[in-house]
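See structure below.
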Amino acid sequence: MEKVNSITHVILTGGVGSRLWPLSRKSQPKQYLDLFEGKSLFEMTVDRNRSLVDQVMVVGNVDNCHLSRQVMEKSNTSYIDIIESTPRNTAAAIAFAAFASQPDDILIITPSDHIIDAMEQYDEAIKSAIDKASKGFIVTFGIVPTKPETGYGYIERKGDNVVSFREKPNQVTATEFIAKGNFLWNSGMFCFKASVLLDELKAFQPEVYEASKIAWESNVNGNLDLALSLEIPSISIDYAVMERSKKIKVVPSKFVWSDLGSFESVYDYLITQGQEVDENGNMVIGATSYTAFIGLKNTIFVYTPTANLILQKENSQDVKNIYTALEKQNSDLLN
């Protein structure tokens, strides 16, 4: 069968993983930590899509592009490198990838810091998305939820049509979503033709489109100019396009998925990998020395040489507050 479209895997590597401090730091964000079967999340992202695509593109920033390069060289993967001089959110990052592509290229956009299992279902979802994208749709991947999770956004759908996108809900609302049965977790993964995405971005966010285009056209070997980049409004692809376009389809996906955005999700994942917990569900991450817990349940002790964190598993979302407080103090502990 004749192959019509070239398929590119675009990996977004921005983000510092503030809810995984002190493991995740500005100098070593969570997607580069070799925590998972001796590999980093970034490396696993490259591996799982290798057989599904024709080429790889990495959209990173000046602070982490050397970390991406190390992984790509280790796995001997050639790639197109796009290096942002300053973070401008996902609309700009995805626009750069589209400008760097041929109009009919199909782009599969994935974050670099997610855990995915059940590869058969994953491959199936990707193939279904490519099929819809080749027909001119912008495809988002919705994960069939396993619990009323408050840490994810949701997609309300009817068949493969998107009814609405919903922000991260509270516990009551999340429980209602699950009961209704037509809500999916928003995975932050997308698939579309480069030209279709750019047309929609131009229609709904002409400022983002124009400023990104100017910045891209002045790139030097994939490096983007700082002054031109600062002209680009910082806005997510969800607000810019997904919540407004009439060309959106959703692929309901049954693969096992977690964005590992909190210590609770890391804890749950590490348990599936055989990580030890004591009889009260307490876990140690990062330390090899003997650690005992007395009178505590579901507590996570996170060790690093310069900072330790002790938290109740249920309070994982609050780690961001410590990160924010340290940021205000301009603390070296974030580096």
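The values are calculated or read from the model by the stated rules, or taken from the named source; none is laboratory data. Just so we're clear, the structure is a prediction, and the values are computed from it rather than from any experiment. Here the Cβ positions follow ideal geometry from the backbone for every residue, glycine too, while neighbour counts run over all protein chains shown. Ligands, DNA and RNA are excluded from the accessible area calculation, which covers all protein heavy atoms including side chains. Shrake-Rupley method; radii C 1.70, N 1.55, O 1.52, S 1.80 Å.
A few remarks follow.
- Rounded to the nearest 500, the 222 nm mean residue ellipticity of the chain from helices alone is -9000 deg cm²/dmol, with -39,500 (n - 2.57) taken per DSSP H run of at least 4 residues.
- Options 18, 293, 232, ranked by Cα towards positive dipole end of the chain, top entry (Cβ charges): 232
- Here the Karplus curve 6.51 cos²θ - 1.76 cosθ + 1.60, taken at θ = phi - 60°, turns the phi angles of region 298-306 into couplings of 6, 9, 10, 9, 10, 10, 9, x, 10 Hz, with x standing for Gly and Pro.
- Helix 206-217 and the longest principal axis of the Cα set of the chain meet at an angle near 90°.
- Electrostatic dipole magnitude of the chain [Cβ: Lys, Arg +1; Asp, Glu -1; Cα centre; debye, to 20]: 560
- Carbon plus sulfur fraction of accessible area for region 1-83, probe 1.4 Å, in percent: 50
- Note that region 106-114 has calculated 3J(HN,Hα) couplings of 9, 9, 9, 9, 9, x, 9, 10, 10 Hz, one per residue in order, obtained from phi through the Karplus relation 6.51 cos²θ - 1.76 cosθ + 1.60 (θ = phi - 60°); glycine and proline are x.
- Angle of helix 65-74 to the longest C-alpha principal axis of the chain, folded into 0 to 90 degrees and rounded to 10: 90°.
- Here the 3J(HN,Hα) profile of region 149-159, calculated from phi with Karplus coefficients 6.51, -1.76 and 1.60 at θ = phi - 60°, is 7, 9, x, 10, x, 10, 10, 8, 9, 10, x Hz, Gly and Pro shown as x.
- Over 23 Å (Cα to Cα) - which of 39/328; 202/247; 26/328 fall in this group: 39/328
- C-alpha center-to-center spacing [region 122-146, region 175-199] in angstrom: 9
- Taking only protein heavy atoms and a 1.4 Å probe, the accessible area of region 212-330 is 51% carbon and sulfur.
- Taking a straight Cα-Cα cut-off under 21 Å and skipping sequence neighbours fewer than 8 places away in the same chain, the lysines within cross-link reach of residue 168 are 147, 158, 180, 249, 254, 313, 320.
- Exposure ranking of 146, 45 by accessible area [1.4 Å probe, largest first]: 146, 45
- Sum of side-chain charges, residue 59 neighbourhood, beta-carbon under 14 Å (Lys, Arg +1; Asp, Glu -1): -2
- Accessible area per residue, Å², the chain with all protein chains present, probe 1.4 Å: 47
- Helix 119-134 and the longest principal axis of the C-alpha atoms of the chain enclose an angle of approximately 30°.
- Taken about its Cα centre, region 114-253 carries a charge dipole of roughly 520 debye when the Cβ of each Lys and Arg holds +1 and the Cβ of each Asp and Glu holds -1.
- For region 186-335, the Cβ-based charge dipole about the Cα centre amounts to some 500 debye (Lys, Arg positive; Asp, Glu negative; other atoms uncharged).
- Cross-link partners of residue 132 among aspartates and glutamates, defined as those whose alpha carbon lies under 13 angstrom from its own and excluding same-chain residues fewer than eight positions apart: 124, 160.
- Antiparallel bridge percentage (DSSP; both residues within region 1-143; nearest 5): 10
- Under 15 Å from residue 193, Cα to Cα: aspartates and glutamates that are on another chain or at least 8 residues apart: 54, 104, 105, 131
- Heavy atoms of residue 47: accessible area, 1.4 Å probe, square angstrom to 10: 50
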